[in-house]
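Down below is the structure, laid out as structure tokens.
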Amino acid sequence: MKILRASRMDRCIGCFSCSLTCARVVHKSLSWSRSGIRIHSAAGLSTGFEAQVCLACTHAPCADACPTGAFSQRRGGGVIVKRDLCIRCGECARACPVNAILMDPELGDPIVCIHCGQCVSFCPHDCLEMVQGHVIKEAIHEG
Amino acid sequence: MKDDRRYRVMVYDLGRQMGKVEYLDTAEGFLGGSGLAARLFETYGRPGDPYDHPGQPLIFAIGPLTGYFPLMSKVVMGFVSPYNSQYAESHAGGRLALALRFSGYHGLVLTGQAHIPSCFVLGHDSLGLLDVHYLWGMDVFKAGKILRKIHGRGSGNRSIIRIGPAGENGCSFASINVDSYRHFGRLGCGSAMGVKNLKGIIIQGDGSLDLPPGKDYRRLYESIYKQMTETEAMCKYHDLGTPVNVMALNELNALPWRNMQKTSDDGAEQVSGERFAADLLLRKTACSGCPVGCIHVGLLREQFAEQHEFVYRQVSYDHEPIFSAGTMLDITNAKDVLTLLERMDNVGLDVMSAGVSLAWATEALDKGIISEKETLVPLEFGSVEGYCHAIDHLCRQTNEFYQTLARGTKAAANAYGGKDFACVLGQEMAGYATGEVFYVSQAYGFRHSHLDTAGYSYDQKAGDKSIDTTISFLLKEEAARVMLTCMVSCLFARGVYNQERIEEALTVIGRRDMAEALPQSVTEVQKARWRLKYATGYDPTQIDIPTRLKETVNWKGPLDENFMLELARRYIVAIEGMVP
């Protein structure tokens with residue numbers, strides 16, 4: 001299965017089109033934070049932008065930490081989220097080493113990238129791409 | 001959060017440090033943005049009082065489409081202008097519009113005066129005032145960095161706006177820096193903020209809103225997004241940006257140079273959009289919600305010591321700043337332009353008015369109307385060093401001359417002489433020597449801005465000199481732009497957002513009522529804005545077009561003064577027709 005990679009964030013102009021798309025399409029919201037991919041200026045706007053997004057672990061610590069099975073390992077990397085099983089305990093967010101999971105301050109739900117790729121075509125600078133999960137794994141081994 | 005059909009407005013008294021949430025019924029027909037700001041000024045404004053009366057409000061307003069569609073990314077600021085004491089609007093982008101939307105508000109009204117230099121903070125569940133007395137006197141970039149540190153919440157995607165020393169010192173053309181690269185630029189809004197002891201404002205933007213059900217909204221969003229990114233519609237703004245105008249205007253003999261002593265120069269190529277892009281463009285960035293990315297950021301590299309010791313700065317540039325800190329001062333080196341822009345921006349001056357005022361001062365010095373006793377430093381067209389010092393004197397109002405110049409070029413010309421070459425059209429001119437229609441439209445227009453009615457475009461496109469046709473264009477164009485500034489769209493998107501598109505957009509977000517009443521509502525907003533401008537002292541008989549501009553010779557030949565004066569007379573009548 002493919003996974004989302006924010007491969008070219010050095011091109012990012014900070015338009016938030018990706019976050020707004022995830023919020024609009026996946027979470028049915030108007031938001032730049034209720035989104036699986038969240039964009040931040042690195043240290044003020046003069047230093048460019050970073051994407052806060054799931055790195056598609058192949059052994060996801062958030063899934064391990066989830067006490068109800070709401071988060072489970074996704075083939076190729078990342079997690080599958082079953083929202084109706086979630087008790088909003090926040091263990092997943094605490095377990096994520098890169099803070100990719102947001103506990104929505106209003107709804108209490110964990111918000112994480114599901115690697116659906118809806119955001120990719122809305123990036124005007126091709127910062128984002130969908131790649132094969134196993135390709136990434138091999139690349140890591142080669143490195 | 002539910003997207004309430006009523007508008008939610010935070011009204012905060014800086015003196016009492018108390019806020020209240022007000023709800024406005026949108027059925028009143030004020031739409032949003034320009035209309036909402038005017039509506040709020042009607043409630044909270046004090047038309048008889050000066051800008052520095054503590055009760056005068058600072059108003060920030062967004063619109064019904066903010067955040068919902070691409071390029072719906074601007075905020076309208078309503079305030080009493082320190083420049084002309086009239087009700088004024090200034091517009092800015094950056095992150096502010098979406099941050100306000102995601103904080104759960106359509107409007108913010110700040111009244112009263114903080115007891116000490118302060119920073120106002122607003123989020124979806126937070127409100128308050130921070131003591132930042134230690135930032136007073138600090139430039140906008142240092143202040144921005146410290147504001148980021150002292151209020152860590154929402155780090156990375158909040159909006160931070162702040163003033164520099166020019167706004168603290170009451171300069172009539174001080175600006176407000178918005179998220180480093182954008183500005184509420186004109187008519188002195190920076191001093192309207194400074195007089196409230198307000199150094200900065202942080203808007204958290206930390207909430208989310210529900211979307212309308214159904215697929216219509218999503219379909220329309222995608223269609224508009226494609227139009228913005230896959231067609232030629234926005235190419236000009238994305239590619240070279242507005243500086244593409246430099247060469248085009250220069251070739252038409254319509255680019256102001258050397259305080260309008262000439263309208264073309266062989267050095268134009270050196271400060272053209274093409275030159276900036278080739279030599280200095282570091283990167284582009286965008287306002288939140290805008291995939292176009294028109295903000296062109298230049299790299300200014302300055303050696304500060306021997307052995308190759310450098311500092312680097314990032315300076316945004318556009319056509320207007322290149323005109324005011326470049327051609328108007330006869331500067332033909334792109335790096336020098338960035339140097340002056342960085343200085344002006346750093347101290348929080350409106351770069352357009354600052355450049356034009358220094359151009360007047362240079363000519364006044366050259367003609368012996370003033371001496372170096374007044375300017376304190378030698379000012380010479382084309383020479384950067386003197387201007388760097390003069391910018392500092394202007395912002396700090398070091399002596400009586402700079403105190404007067406800080407009230408505007410016209411005020412200085414009234415005091416010292418040289419009115420005939422004070423390039424003022426309601427406020428310091430914008431970068432177009434296109435002729436009669438532009439001069440009239442800026443001089444008498446609501447914001448005294450080239451963006452009010454596009455007179456500069458009419459000058460270039462229209463062949464005839466029919467007064468009726470021209471007036472009709474100006475009024476129609478004003479209405480079209482008011483429609484956008486009520487939504488609140490970036491005006492660069494005017495080729496995409498026609499009335500039909502706006503009606504469609506309002507309908508799919510569930511505001512069919514607004515869509516159906518759109519033309520009438522726009523007319524009402526136009527009237528309301530003019531009503532407020534007159535109520536706060538607008539008197540078109542006090543406005544004149546300076547001799548220097550009447551002497552313009554461009555590609556059309558010499559300016560037709562009779563046509564221009566008749567156009568002005570009839571435009572005033574047409575504007576007065578909108579005010580009951």
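List of remarks:
- Residue in the range B:275-289 that is within 12 Å of chain A (Cβ to nearest Cβ), assigned to a loop (DSSP other than H, G, I, E, B) and free of Cβ contacts under 8 Å to residues at least 12 places away in the same chain present: yes
- Those helices (runs of 4 or more DSSP H) of the range B:488-569 in which 3 or more residues are free of Cβ contacts under 8 Å to residues at least 60 places away in the same chain and in the same structural domain as residue B:454 (by TED's automatic domain parsing) occupy B:499-508, B:512-516, B:518-535.
- Selection of the range B:241-267 for residues being closer than 20 Å to residue B:297 by Cα and buried (at least 21 other Cβ atoms within 10 Å of the Cβ) yields B:241, B:243, B:245, B:246.
- Residue B:235 being touching a residue at least 40 places away in the same chain (Cβ under 8 Å) and either farther than 20 Å from residue B:384 by Cα or surrounded by 22 or more Cβ atoms within 10 Å (Cβ to Cβ) (or both): no
- Index of the failed condition, residue B:430 passing every other in (1) assigned to a loop (DSSP other than H, G, I, E, B); (2) over 21 Å from the mean Cα position of the chain (by Cα); (3) in contact (Cβ under 8 Å) with a residue 24 or more places away in the chain: (2)
- Qualifying position, being farther than 30 Å from residue B:514 by Cα, of a type in the set (Ser, Thr, Tyr) and either within 14 Å of chain A (Cβ to nearest Cβ) or touching a residue at least 60 places away in the same chain (Cβ under 8 Å) (or both), among B:103, B:90, B:73, B:85: B:85
- Any hit, the range B:166-179, residues being part of a loop (DSSP other than H, G, I, E, B), within 13 Å of chain A (Cβ to nearest Cβ), more than 20 Å from residue B:50 (Cα to Cα) and more than 19 Å from the chain's Cα centre (by Cα): no
- In the set B:205, B:170, B:188, only one residue is of a type in the set (Gly, Ala, Ser), in contact with a strand residue (DSSP E or B) (Cβ under 8 Å, 6 or more places away or on another chain) and closer than 29 Å to residue B:393 by Cα; that residue is B:188.
- Residue ranges of helices (runs of 4 or more DSSP H) in the range B:328-423 with at least 2 members over 22 Å from residue B:137 (Cα atoms): B:334-347, B:351-366, B:372-375, B:384-396, B:409-416
- Given (1) within 14 Å of chain B (Cβ to nearest Cβ); (2) touching a helix residue (DSSP H, G or I) at 6+ places or on another chain (Cβ under 9 Å); (3) of a type in the set (Gly, Ala, Ser); (4) within 28 Å of residue B:210 (Cβ to Cβ), index of the condition residue A:23 fails: (2)
- Within the range B:47-65, the presence of at least one residue that is in contact with a Gly (Cβ under 6 Å, 6 or more places away or on another chain) and within 14 Å of chain A (Cβ to nearest Cβ) is confirmed.
- Residue count for the range A:28-60, restricted to those that are touching a residue at least 12 places away in the same chain (Cβ under 8 Å), more than 22 Å from residue A:73 (Cβ to Cβ) and out of contact with any helix residue (DSSP H, G or I) (no Cβ under 8 Å at 6 or more places or on another chain): 2
- Subset of the range B:207-232 that is in a helix (DSSP H, G or I) and of a type in the set (S, T, N, Q) - its residue that is surrounded by the most Cβ atoms within 10 Å (Cβ to Cβ): B:229
- Residues of the range A:127-143 satisfying the condition of being at pLDDT below 95 and assigned to a loop (DSSP other than H, G, I, E, B): A:143
- Residue B:216 among the charged types (D, E, K, R) and within 16 Å of residue B:318 (Cβ to Cβ): no
- Those residues of the range A:53-96 which are of a type in the set (S, T, N, Q) and modelled with pLDDT of 95 or more, in sequence order: A:68, A:72, A:73
- Filtered by the rule that a residue be assigned to a loop (DSSP other than H, G, I, E, B), surrounded by fewer than 23 Cβ atoms within 10 Å (Cβ to Cβ) and of a type outside the set (A, V, I, L, M, F, W, C), the range A:22-51 gives A:27, A:28, A:44, A:48.
Residue-wise test of (1) touching a Phe, Trp or Tyr at 6+ places or on another chain (Cβ under 9 Å); (2) over 29 Å from residue B:64 (Cα atoms); (3) touching a residue at least 60 places away in the same chain (Cβ under 8 Å).
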| position | (1), (2), (3) |
| --- | --- |
| B:446 | yes, no, yes |
| B:458 | yes, yes, no |
| B:477 | yes, no, no |
| B:482 | yes, no, yes |
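- Selection count, the range A:92-124, where residues are touching a Pro at 6+ places or on another chain (Cβ under 9 Å) and within 14 Å of chain B (Cβ to nearest Cβ): 6
- A count restricted to the range B:181-203 and to residues that are surrounded by fewer than 24 Cβ atoms within 10 Å (Cβ to Cβ) and within 13 Å of chain A (Cβ to nearest Cβ) stands at 1.
- Scanning the range B:268-280 for residues that are surrounded by fewer than 19 Cβ atoms within 10 Å (Cβ to Cβ) and either closer than 30 Å to residue A:39 by Cβ or not assigned by TED's automatic domain parsing to the domain that holds residue B:337 (or both) yields a total of 3.
- Residues of the range A:41-91 that are within 14 Å of chain B (Cβ to nearest Cβ), closer than 19 Å to residue A:7 by Cβ and not polar (S, T, N, Q): A:42, A:48, A:49, A:50, A:51, A:53.
- Condition check for residue B:317: outside the structural domain of residue B:451 (by TED's automatic domain parsing), of a type in the set (Ser, Thr, Tyr) and at pLDDT below 95: no
The values are calculated or read from the model by the stated rules, or taken from the named source; none is laboratory data. Keep in mind the model is a prediction, meaning the values are calculated, not measured. Counting neighbours? That spans all protein chains shown, and the Cβs are built from the backbone with ideal geometry, glycine included.
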